[in-house]
Every structure is written in structure tokens, then in C-alpha cells.
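Working notes, structure below.
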Amino acid sequence: MTPDTFRHSPEILPGRRLRLEKIHARHAPALYASVRRSMPELDYIAWGHQRWDEEAARRHCESTREWILTEGEGVSYLAFEYDTSTYVGCVDLHSVDFGVPRCQIGFVGCSRQRGRGLVREAALTLMDWAWRQGMARIEVWCDVRNTRSLAFAESLGMLREGLMRQVERDGRGLLCDHHLLARLASDPVPDPLPTMPARLARADSDPAVA
């Protein structure tokens, strides 16, 4: 696995009910509309505290795309339903250590797509692609206060490995503790179907990030 793995990653990753599209400027309207609807629920997401408008969404899409193509240190996909092309959420791989290789996965769901398991499907689809490229370990760093994100990460087959104290600053600039969760390529594969216990369905229903 090298930076070219991400630079040349597919423009579309197919899932069972949705398709993942590599981030592009054309996605800005869908992303902005989702962020605007979901803003009250993005408390644990650093960029959720920034000022968002259509121009900011466009710049975000363009700069993220440029980062993928030039740096090759991760990748970001937006998920859309096959039947309706409705925007579901975004998933990304970042903080890559090519020597292992390992990375972190992030996920943010649209507040309108609740309780359907679509964001979980998007995350599992991206993880499956990463395993096939040779990724050995995928992590989630989860603010200890973000219980929805924690439950969602566990629904992806992530195991809790420890507590990291004051490891990052939150969106308000305060030091915060994170749970470290991880899944290895050799770990058991979680149920790929969107039939989850109610607790995990609720976790998938809300925007979450790690």
C-alpha cells in the first residue's frame, strides 16, 4: 500500500443499496444541504463548529479532492442511494501509517437518513475496499462523550483497546479524552446486513464522526 493506492482509488465503490462516490466539487450542494439540516447534531465534529455556506462546502470538496490526488494520505467518499440518488453521508480514511499499514476511519451521516443502516453499509463498504488493498488495521478515535459514535464504531466490528486521556482538542478547543477502537483485517467480519439491534440502529441514525 502506497499513496498511489488512494490517489488512484475508484471513483465509485458499489454497495448493496448505495454507491460511494469519491469526493468532488459537484457534491458541494448535497453536502451543504445535509450539513445545514444536521448542524445542531454535529457537536462532536470539529468542522461542525465552523461557518458553513455553499461556497465553504465547495471549497471543502475541492480541497479534500486535491489532498487525495496530491498527498495520497487518505480518501473521502460520499454515499448516495441507488434508487433515488439521495445523499446518505460521507466516510473517509485518514491518518494513514503506510509502514503498518493502518489508518483511521471517519463517518458523518445525514440527519434525514435515520435508522436504516445506510451509513453503516457505507463504512463497511469502504473498509472492505481498504482490506483488499492490504490495510492491516483500521482505528476509530471516539470522544468519550459521543456515545452514539462509540456504539456505531462497535457495530462495524471495532473492539475497544483503551482510553487516551486528553489526546485531542474538541470543536471548542478543550482537551478531551478518546476511546481507542480498532479492527484488524484478520478479525471476524460483522453481519453485513442492515438488521441491527435497536441500540445500534439508533447509533447509525445520527451523524457521527471519529
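The values are calculated or read from the model by the stated rules, or taken from the named source; none is laboratory data. Given the structure is predicted, the values throughout are model-derived calculations rather than measurements. Neighbour counts are summed over all protein chains in view; Cβ atoms, including those assigned to glycine, are modelled from backbone coordinates with ideal geometry. Quick note on the areas: whole protein, heavy atoms, side chains included, nothing else; ligands and nucleic acids left out. Shrake-Rupley method; radii C 1.70, N 1.55, O 1.52, S 1.80 Å.
Summary of values
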read-out	value
Residue selected from region 151-210 under the condition open to solvent by 20 Å² or more (accessible area, probe 1.4 Å) and among the basic types (Lys, Arg), by the criterion modelled with the lowest pLDDT	199
Which listed residue is outside any strand (DSSP E or B) and in contact with a helix residue (DSSP H, G or I) (Cβ under 7 Å, 6 or more places away or on another chain), from 140, 119, 100	119
Of residues in region 99-112 being more than 14 Å from the chain's Cα centre (by Cα) and either open to solvent by less than 50 Å² (accessible area, probe 1.4 Å) or of a type in the set (Gly, Ala, Ser) (or both), the one modelled with the lowest pLDDT	111
Selection from region 53-98 of residues that are free of Cβ contacts under 8 Å to residues at least 60 places away in the same chain and open to solvent by less than 10 Å² (accessible area, probe 1.4 Å)	57, 61, 78
Residues that are open to solvent by 20 Å² or more (accessible area, probe 1.4 Å), touching a Pro at 6+ places or on another chain (Cβ under 9 Å) and either at pLDDT 95 or above or assigned to a helix (DSSP H, G or I) (or both), drawn from region 14-52	41
Pairs with Cβ under 6 Å, 6+ apart, first in region 13-36 and without any contact (Cβ under 8 Å) to a residue 24 or more places away in the chain, second open to solvent by less than 50 Å² (accessible area, probe 1.4 Å)	35/52
Search result, residues across region 81-97 that are within 22 Å of residue 32 (Cα to Cα) and assigned to a strand (DSSP E or B)	81, 87, 88, 89, 90, 91, 92, 93, 94
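So that you can scan it fast, the table gives a plain yes or no per residue for (1) of a type outside the set (Gly, Ala, Ser); (2) surrounded by 15 or more Cβ atoms within 10 Å (Cβ to Cβ); (3) at pLDDT below 95:
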residue: 114; (1), (2), (3): yes, yes, yes
residue: 125; (1), (2), (3): yes, yes, no
residue: 130; (1), (2), (3): no, yes, no
residue: 136; (1), (2), (3): no, yes, no
residue: 139; (1), (2), (3): yes, yes, no
residue: 144; (1), (2), (3): yes, no, yes
